[in-house]
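Take a look at the structure set out below.
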Amino acid sequence: MPTGVDAALGWLRREEKASIARLMDWLRIKSISTDPVYAPEVQRAAEWAASQLREAGLSVEVCGASTPAGVKGHPIVMAHSPGAKDYKGPHVLFYGHYDVQPVDPVELWESPPFEPVLKPAVPGGPGERIVARGAVDDKGQVMMFLESLRAWKDAGGAVAGGVKLTVLLEGEEESGSVSLEKFIRDNTATRLAGCEVCVISDTGMLARGRPAITYGVRGISYTEVTLHGPDQDLHSGLWGGRAPNPNNELVKVLAQLWDKDRRVTIPGFYDAVRPLQQPEREEWRRLGFDPVEALKKIGYGKDADVGEAGYTAMEREWARPTAEINGVWGGYTGAGAKTVIPSKASAKVSFRLVADQDPDRVRTSFFEWLRNRTPPGCRWELTDLHGGPPATVKTDSAPLAAARRAIERATGVKPAMIKSGGSIPVAGLLNSILGIETIFMGFGLDDDRVHSPNEKFEIDCFRLGARSHAVLLDELRVVTA
Ligand code: BES
Ligand code: MN
Ligand code: MN
């Protein structure tokens, strides 16, 4: 009879169908955090996860959360395992999120977003996969971890493989983690006491069959801006040329956000940006990433490989900040033509940030930049929606070395060291409040359609991830932090 990690890996192999079936149950719960209509579903998804953790032998609480202004947030699931008596490794905090993005445009889904389906492999295309909202971001990835816990327990190993473990599952990640900072501060000395390193499975691999550890994610500052003009909508024939049009004026101002080199023009925007170093640029070049191949997969030709001058696509994603207009609206957007000058125009503008940029400072200077460009007769309404700092991880820590060994043992492949342009606000918070580092060990692929219709998670990726987490629990035992 195998024991320890071999038993856990055997269990994962034998029980894979049941693991996938459990994931599908979770995916049926519509935990869209940004839309208050789904609050009961978000609650249900939290309780579902709590029951899984209980079955894996942990002690579990579903905690209430609220913003600093006292607005009720979505629940945070906390769980603890005591750790084996002889356990010498670090006290690990596992973080994941059980909330998901909205599903729109829903008509582009080939199957309903909350009715997960298992689709067979396509030769030369994606492998066997689960299609559903949240399949990879992040329920499927959290599930790899939950199943590794179940494997250790059910195969006769200790709870969590004997590792001293705290689990925090959040329900607001996709809407800016607005209750999280207060929760972490309120629980530093209690529910989060003693945590020494964080593990997060919410990132991607370098490519199919090329597992990776992500050692940095970008921060974000997300705003909504509205330009108010006349106190009523106007006939664009009678008033066009006589009264400023908020649509015209808004897009003229926003178009000034970038110069001809596609650099952001807000004064001081790059001041805190750590310049890229030559050795790191060379390491990234050696990863052999092909930006034109990647563009092809999203329907772009090679002339679309543009961005801030002087940097490769990978450098632009991993190490340079950007400004994006996520949405822009105003006036008439229905069918046919209507001649109108609207009374207001709006946009959702966000900035992706890199070390050592500060989301509050970036937002403040953006708002000041807008005020300095207030179009004649108009007025701004400026709203901060959310923000989170960038996170860069030390690459020479003992827990990170354990994760590298775990992935290699579990998959037979040495993990690539990569960064990601996405944002996971909790990592920066944990670093600044608790002083701990995060290991991002994720198993998504860049064609998983994260946040888009037909989001998927490939079964091969799930398998690699579940195995890697099971072995990580084993490796952590020999780590002295
Ligand atoms: N898991 C993603 C971020 C991600 C995806 C990082 C792939 C690395 C690789 C996360 O759920 C996400 O979508 N984050 C938001 C953050 C925001 C809402 C504060 C993002 O990046 O837009
Ligand atoms: Mn995520
Ligand atoms: Mn996401």
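Observations
- Taken as a whole, the condition of being under 20 Å from ARG320 (Cβ atoms), touching a strand residue (DSSP E or B) at 6+ places or on another chain (Cβ under 9 Å) and not charged (D, E, K, R) applies to GLY204.
- Count of residues meeting criterion [open to solvent by 40 Å² or more (accessible area, probe 1.4 Å) and of a type in the set (A, V, I, L, M, F, W, C)] in region 301-322: 2
- Of all the residues in region 147-182, those that are away from ligand 2 (no atom under 13 Å from the Cβ), open to solvent by 10 Å² or more (accessible area, probe 1.4 Å) and in a helix (DSSP H, G or I) number 6.
- Qualifying positions in region 378-424 - more than 16 Å from ligand 1 (Cβ to nearest atom), of a type in the set (Lys, Arg) and crowded, with 16+ Cβ neighbours inside 10 Å: ARG404, ARG405, ARG409
- Selected residue (criterion: surrounded by the most Cβ atoms within 10 Å (Cβ to Cβ)) from residues of region 333-376 that are out of contact with any helix residue (DSSP H, G or I) (no Cβ under 7 Å at 6 or more places or on another chain) and among the basic types (Lys, Arg): ARG352
- Qualifying residue in region 130-151 (condition: closer than 20 Å to ALA39 by Cα, within 16 Å of ligand 1 (Cβ to nearest atom) and in contact with a His (Cβ under 6 Å, 6 or more places away or on another chain)): yes
- Selected residue (criterion: farthest from ligand 2 (Cβ to nearest atom)) from residues of region 128-140 that are open to solvent by less than 10 Å² (accessible area, probe 1.4 Å) and either out of contact with any strand residue (DSSP E or B) (no Cβ under 6 Å at 6 or more places or on another chain) or of a type in the set (Asp, Glu) (or both): ALA132
- Single match in GLN278, GLN256 (criterion: exposed (fewer than 15 other Cβ atoms within 10 Å of the Cβ) and within 21 Å of ASP356 (Cα to Cα)): GLN278
- Checklist (1) open to solvent by 40 Å² or more (accessible area, probe 1.4 Å); (2) away from ligand 3 (no atom under 16 Å from the Cβ); (3) assigned to a loop (DSSP other than H, G, I, E, B) applied to VAL479, failing item: (1)
- Residue, least open to solvent (accessible area, probe 1.4 Å), within region 75-127, restricted to residues that are of a type in the set (Phe, Trp, Tyr) and either assigned to a loop (DSSP other than H, G, I, E, B) or modelled with pLDDT under 95 (or both): TYR98
The values are calculated or read from the model by the stated rules, or taken from the named source; none is laboratory data. The structure presented is a predicted model; accordingly, all values stated were derived computationally and were not measured. Every residue, glycine among them, receives a Cβ derived from its backbone with ideal geometry; neighbour counts consider all protein chains shown. Ligands, DNA and RNA are excluded from the accessible area calculation, which covers all protein heavy atoms including side chains. Shrake-Rupley method; radii C 1.70, N 1.55, O 1.52, S 1.80 Å.
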